[in-house]
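Would you mind keeping the following structure in view while I ask a few things?
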Amino acid sequence: MENQNQTNQNIIQNTQNQEVKHKRRVRYKGTHPKNYHEKYKELQPEKYADTIEKVIRKGSTPAGMHISICVKEILDFLQIKPGQTGLDATLGYGGHTQEMLKCLQSQGHLYALDVDPIEIVKTRARLEALGYGPEILTILQQNFADIDQVAAQAGAFDFILADLGVSSMQIDNPERGFSYKFEAPLDLRLNPEKGTSAAERLRHIDVGELEGMLVENADEPYAKEIACAIVAGNRKGHPIETTTDLRQVIEETLSFLPANERKEAVKKTCQRTFQALRIDVNSEFEVLEAFLEKLPDALAGGGRVAILTFHSGEDRLVKKSFKRFYKEGIYREIATDVIRPSTEECNRNSRARSTKMRWAIKA
């Protein structure tokens, strides 16, 4: 009987050992592993600060992170004071939010919005760990086009920031399908729980509409050729499903270019095409127009707003809106020219190069 009990205990112990068998972590291959999930040091900035700093010094953005742009310029303009109420209309990684919270010095309140259900959870946890709880910070999963609803709850804001760029965490994560560099379903939605994916959008589009989208949203010089190739593929039963599918169509379409020009042309056309599709499936221009129209009513008298744009279409909409409300006497002052990040910042963060900042002050 004693031997039987011992045997049973051995069996149980062996089973437990199998269940808790250590699974070897994916190794960090070299200084710059290409696979997103192998970059575990970059994905844990709180543990590997030295690695993060090295990546940033080389002009790259660490995996899973976003480097805030024009922080000094934004804070210099907003002139945030303790006790004020503000809004970060585009929370993202929370870098700008954190800096604005520091200015409040635990007095006042900051509201922050984001439509991305995946990143908002991570950012909320990150800011809470830094001591920014609901007593000073309210985070809402809401589109910034609904700024009127937020202002109805919070009251008029003393300062507002809107950073219209897509966060690096979204671009670099291959599972989100934002980049032509990684194989993934062609999605491009900021909120993958709502709306239509880019792949589905392309399945039901005609040449004229697609060509117009590529020109209007990204100034694509080969818009007609790409539109014809995509629609022809649909007719032949070869719809685009993945990021790689779209890149291959672009490569084949531009094969007529001289060999010494082709590689760079394909790269830029991929960037522009993905941008155009992302703007379309997220209705980014329509959302921005709604935000700009409601913006003056959400600002307190003397309230300040700063907006960062990243391509000409966005900048035109912001410039036009600011000028109109300035002429109507609603804004007492607006930026006469764009503010750009410094050369030093652009060298440190290549994604800052296309940034333009405009601002306005309500009368």
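Looking at segment 329-362 only, could you name the residues that are hydroxyl-bearing (Ser, Thr, Tyr), closer than 12 Å to LEU308 by Cβ and crowded, with 18+ Cβ neighbours inside 10 Å?
Once the filter is applied, which keeps residues that are hydroxyl-bearing (Ser, Thr, Tyr), closer than 12 Å to LEU308 by Cβ and crowded, with 18+ Cβ neighbours inside 10 Å, segment 329-362 yields only THR355.
All but one of (1) more than 30 Å from PHE157 (Cβ to Cβ); (2) open to solvent by 10 Å² or more (accessible area, probe 1.4 Å) hold for THR269; state the number of the condition that does not hold.
(2)
Residue under question is ALA290, and the condition is that it be modelled with pLDDT of 95 or more and out of contact with any strand residue (DSSP E or B) (no Cβ under 9 Å at 6 or more places or on another chain); does it hold?
yes
Shifting gears a bit: Tally the residues that are assigned to a helix (DSSP H, G or I) and either surrounded by 21 or more Cβ atoms within 10 Å (Cβ to Cβ) or in contact (Cβ under 8 Å) with a residue 12 or more places away in the chain (or both), restricting the search to segment 293-316.
10
Please verify whether GLU314 is under 27 Å from LYS81 (Cα atoms) and within 21 Å of the chain's Cα centre (by Cα), treating the condition exactly as stated. Walk me through how you get there before you give the answer.
Values: under 27 Å from LYS81 (Cα atoms): no; within 21 Å of the chain's Cα centre (by Cα): yes.
It is false that GLU314 is under 27 Å from LYS81 (Cα atoms) and within 21 Å of the chain's Cα centre (by Cα).
The values are calculated or read from the model by the stated rules, or taken from the named source; none is laboratory data. Because the structure is a prediction, the values reported are computed rather than measured. Note: ideal-geometry Cβ built from the backbone for every residue, glycine included; neighbour counts use all protein chains shown. We work out accessible area using only protein heavy atoms, side chains counted, and drop any ligands, DNA or RNA first. Shrake-Rupley method; radii C 1.70, N 1.55, O 1.52, S 1.80 Å.
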